[in-house]
Amino acid sequence: MSDVRPPLWLLAEVTHSCPLQCPYCSNPVSLVRKQDELNTEEWLRVLYEARQLGAAQLGFSGGEPLIRNDLEILIAEARRLGYYTNLITSGVGMDEERVAAFREHGLDHIQISFQADDLTTNDYLAGCKAYEKKLAMAKAVKAQGYPMVLCFVIHRQNISQVKAMLELAMELNADYVELATTQYEGWALVNRDHLLPTLEQVRQAEATAHTYQERLRGKMKIYFVVPDYYEGRPKPCVDGWGKVFLAIAPDGVALPCHAARDLPNLEFANIREQSLEWIWYDSPTFNAFRGTSWMKEPCISCDERFKDYGGCRCQAFKLSGDAHNADPTCSKSPHHEQVLKAIERVDQAETVSEKPLVFRNRPNALKLTHS
Amino acid sequence: MTVPSLLSTQPRISPGYRLQWEEVQQCYVLLYPEGMVQLNESAADILKYCNGEQDLAHIITELEQAFNESNLTDDIVNFIADAIERGWLRV
């Protein structure tokens, strides 16, 4: 395909290990084992090849990237290659010295996630003691002169606390705050009945976010995106399949979206066997949902097909059974009812209790993948 | 900020932002936390001078000389004001 543009974003999921057990994690339920992870040399090759292709933004993510003790090496090489390097972390696994060392190695920015603004909710959702550490690390990040993004993943268990989250962000002098909507993939989909907020809660949170956006204009940037479940229109997932975004899983599998691994009938190439150039431009998987020729109705004749690209392929598969269908969050989708039903269950408080919240950890990964 | 007061400021690229030539994209880009803006030639030319050391009046003189043009003040001031608003520049 001659009209394929180069990748601009590389997401390096360096490990699926994580000291936290957040039930809203969008990692695949089948976590990559530690022994299958790429080694340092292999990651260095990924960084080089993706930079050659054109990637300029780089996110070190996971799992918890701090688990990798070669992270400093990877950061230094990434910076040398000219990437803008982002560390996307829970903060657990750092101390002041490591924050400073990353700076010396050329790290550009650190994003710290919080599960909530208060210790009790935060540590309940994290499944471990993390809150105090996060506070300390947020302060260390600012002290080192990094720009700081605080990320709160929003769902029913914490959405009523948006105001307090923004107050905490102000107190910590965050430069940006992401009130990130839970993406119902992987673990989050397993726990959807516990996590999906009511429409009223979403509207309330939206109003609060807008008030603070106005108040803090020019001081702190606040991102809040209404969850696609409530919008009637799908999101342009990863800005379009194979358009700008390239993710590498801990074991070297190359993905057009970090959740895409669960899609059936696609063979995901591994950087251990193929060049990134071939994977990006020529592999059948990266071409599977490029452009519009793969689309079915209602997408193929829709005026908005170049705006949202039919939405999320993973969501289409999970909710409709076929990744070629329109994302069922779209009101034009014949499967939109699936989404309405899920919301209805929440509104009628018919949810949960029959099944407990499933925390993201390796024992639960084994149970879920074997059932 | 008024035009005269902006002229005496020394604009610089905001902390956490980086101006960089991208060979593959064949353009300058401005990189920032989890984002990137592709710049057209004139935007990149102006930003290259924003090093926090020279004031804007001086930058305009230099740009007018470099491009052998006059009367660039309005365009450059508008661009700088916009770039400050977007968070790209600090004064």
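The values are calculated or read from the model by the stated rules, or taken from the named source; none is laboratory data. Keep in mind the model is a prediction, meaning the values are calculated, not measured. With ideal geometry, Cβ positions are generated from the backbone for all residues, glycine too; neighbour counts draw on all protein chains shown.
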Six or more apart or on different chains, Cβ atoms under 8 Å: show the pairs whose first residue is in the range A:180-204 and under 13 Å from A:ILE343 (Cα atoms) and whose second is among the acidic types (Asp, Glu). A:THR198/A:ASP347; A:LEU199/A:ASP347
Given the residues A:CYS18, A:CYS22, which is the only one that is in a loop (DSSP other than H, G, I, E, B), of a type outside the set (Val, Ile, Thr) and more than 22 Å from A:ASP70 (Cβ to Cβ)? A:CYS22
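In the range A:134-164, what residues are surrounded by fewer than 18 Cβ atoms within 10 Å (Cβ to Cβ), within 14 Å of chain B (Cβ to nearest Cβ) and either assigned to a helix (DSSP H, G or I) or within 20 Å of the chain's Cα centre (by Cα) (or both)?
If we filter the range A:134-164 for residues that are surrounded by fewer than 18 Cβ atoms within 10 Å (Cβ to Cβ), which is where we start, we get A:136, A:139, A:142-145, A:160, A:163-164.
Going one step further and asking which of them are within 14 Å of chain B (Cβ to nearest Cβ), we end up with A:142-145.
Matches in the range A:134-164: A:LYS142, A:ALA143.
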Quick one: in the range A:239-253, of everything that is of a type outside the set (Val, Ile, Thr) and assigned to a loop (DSSP other than H, G, I, E, B), which residue is surrounded by the most Cβ atoms within 10 Å (Cβ to Cβ)? A:ALA249
Checking the structure you have, find out if any residue of the range A:241-257 is over 27 Å from A:SER61 (Cα atoms) and touching a Leu at 6+ places or on another chain (Cβ under 6 Å). no
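Only residues that are of a type outside the set (A, V, I, L, M) and crowded, with 21+ Cβ neighbours inside 10 Å: list them for the range A:209-223, please. Write out each step before concluding.
Step one: list which residues in the range A:209-223 are of a type outside the set (A, V, I, L, M), which gives A:210-215, A:217-219, A:221, A:223.
Matches in the range A:209-223: A:TYR212 only.
Considering each residue of the range A:25-52, count those that are hydrophobic (A, V, I, L, M, F, W, C) and within 14 Å of A:ALA78 (Cβ to Cβ), and give that number. I'd like the intermediate steps shown before the answer.
Filtering the range A:25-52 for residues hydrophobic (A, V, I, L, M, F, W, C) gives A:25, A:29, A:31-32, A:38, A:43-44, A:46-47, A:50.
In the following step, the residues that additionally are within 14 Å of A:ALA78 (Cβ to Cβ) were identified as A:43-44, A:46-47, A:50.
Counting residues in the range A:25-52 that are hydrophobic (A, V, I, L, M, F, W, C) and within 14 Å of A:ALA78 (Cβ to Cβ) gives 5.
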Show me the helices (runs of 4 or more DSSP H) found entirely inside the range A:254-371 where at least 3 residues are without any contact (Cβ under 8 Å) to a residue 40 or more places away in the chain. A:313-320, A:336-347, A:362-370
Within the range A:165-196, count every residue that is part of a loop (DSSP other than H, G, I, E, B) and among the hydroxyl-bearing types (Ser, Thr, Tyr). 2
From the list A:ARG360, A:ARG290, A:ARG261, exactly one residue is crowded, with 16+ Cβ neighbours inside 10 Å, of a type in the set (D, E, K, R) and in contact with a strand residue (DSSP E or B) (Cβ under 8 Å, 6 or more places away or on another chain). Which is it? A:ARG261
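Only one residue in A:PRO236, A:PRO227 is buried (at least 21 other Cβ atoms within 10 Å of the Cβ), of a type outside the set (Ser, Thr, Tyr), touching a residue at least 12 places away in the same chain (Cβ under 8 Å) and closer than 23 Å to A:GLN338 by Cα, so which one is that?
On the way: A:PRO236 fails: buried (at least 21 other Cβ atoms within 10 Å of the Cβ).
Exactly one residue qualifies, and that residue is A:PRO227.
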Checking the conditions here, which among B:LEU19, B:LEU31 is hydrophobic (A, V, I, L, M, F, W, C), closer than 27 Å to A:ILE112 by Cα and over 13 Å from the mean Cα position of the chain (by Cα)? B:LEU31
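In the range A:312-368, which residues are among the polar types (S, T, N, Q) and over 21 Å from the mean Cα position of the chain (by Cα)?
Initially, the range A:312-368 is screened for residues among the polar types (S, T, N, Q), giving A:315, A:320, A:325, A:329, A:331, A:333, A:338, A:348, A:351, A:353, A:361, A:364.
Result: A:SER320, A:ASN325, A:SER331, A:SER333, A:GLN338, A:GLN348, A:THR351, A:SER353.
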Is it the case that some residue within the range A:302-313 is buried (at least 17 other Cβ atoms within 10 Å of the Cβ), within 30 Å of A:VAL202 (Cα to Cα) and small (Gly, Ala, Ser)? yes
Quick test of your reading of the structure: A:LEU266 fulfils all but one of (1) modelled with pLDDT of 95 or more; (2) surrounded by 15 or more Cβ atoms within 10 Å (Cβ to Cβ). Name the failing condition by number. (1)
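Let's see how each residue does on (1) at pLDDT 95 or above; (2) touching a Cys at 6+ places or on another chain (Cβ under 8 Å); (3) hydroxyl-bearing (Ser, Thr, Tyr):
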{"residue": "A:LEU66", "(1), (2), (3)": "yes, no, no"}
{"residue": "A:LEU87", "(1), (2), (3)": "yes, no, no"}
{"residue": "A:SER90", "(1), (2), (3)": "yes, yes, yes"}
{"residue": "A:PHE102", "(1), (2), (3)": "yes, no, no"}
{"residue": "A:GLY106", "(1), (2), (3)": "yes, no, no"}
{"residue": "A:GLN111", "(1), (2), (3)": "yes, yes, no"}
{"residue": "A:ASP117", "(1), (2), (3)": "yes, no, no"}
{"residue": "A:ALA126", "(1), (2), (3)": "yes, yes, no"}
